[in-house]
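What follows is a set of notes on a single structure, which appears directly below.
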Amino acid sequence: MKEDAFCEEGDIVLADASEDVDDIGKAIEIVDIGGQRLVSGLHTILASRIDHRIVVGFGAYLYASSGVRKQIQQRAQGAKVLGISKTQLAEVELAYPTEAREQQKIAHCLSSLDEVIGLESHKLDALKNLKKGLMQQLFPQDVA
């Protein structure tokens, strides 16, 4: 396998096919691979950073932004299954701060919010389970 086929930290892996316009081009960022050799897989496009202009941790938020998502969705082609090519993806304009420190601050802020949202989601799930348990105790199914 060619060396450039392996993911590196900061690379973006995008879905190149989807049956749903909302999922085409969805992206993840490779943040920490722990020294492992990792390939992006089928039906994906591996986008590597050029000259490390985008700091690790910022890329996922950039590709999830509404402006980038809209451009990707507009370029997707197909009837039943949508697809986007590397050429079409290369046409997507990325607007981002050029200062690494500013990108880091933005990524840190958004990451902190993601953590809070995750914690609140766990709390909500726990409350829903508590309610379900109470409902089962208050309204048993075995009615005489």
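Points to keep in mind about this one:
- For Lys132, the lysines whose Cα falls under 27 Å of its own Cα, not counting residues fewer than eight places away in the same chain, are Lys123.
- Crossing angle, helix 66-75 versus the chain [Cα axis fit, 0-90 degrees, rounded to tens]: 70
- Ignoring lysines fewer than eight residues from Lys80 along the same chain, the ones with Cα atoms less than 22 angstrom from its Cα are Lys26, Lys70.
- Within the chain: Cβ-based charge dipole about Cα centre, in debye rounded to nearest 20 (Lys, Arg +1; Asp, Glu -1): 320
- Of the residues Gly35, Gly133, Gly25, the one that moves most in a GNM of the chain with alpha-carbon contacts below 10 Å is Gly133.
- For the peptides 56-66, 79-89, 109-119, residues were scored by their other Cβ atoms within 10 Å and the scores averaged per peptide; the highest-first order is 56-66, 79-89, 109-119.
- Listed values (i) 196; (ii) 98; (iii) 176 include one computed from this model; for volume of the Cα convex hull per residue in Å³ that value carries the label (i).
Just so you know, all these numbers are worked out from the coordinates, no wet-lab data involved. Nothing here was measured: the structure is a model prediction, and the numbers come from that model. Don't worry about glycine lacking a Cβ; one is built from the backbone with ideal geometry, like all the others, and counts go over all protein chains shown.
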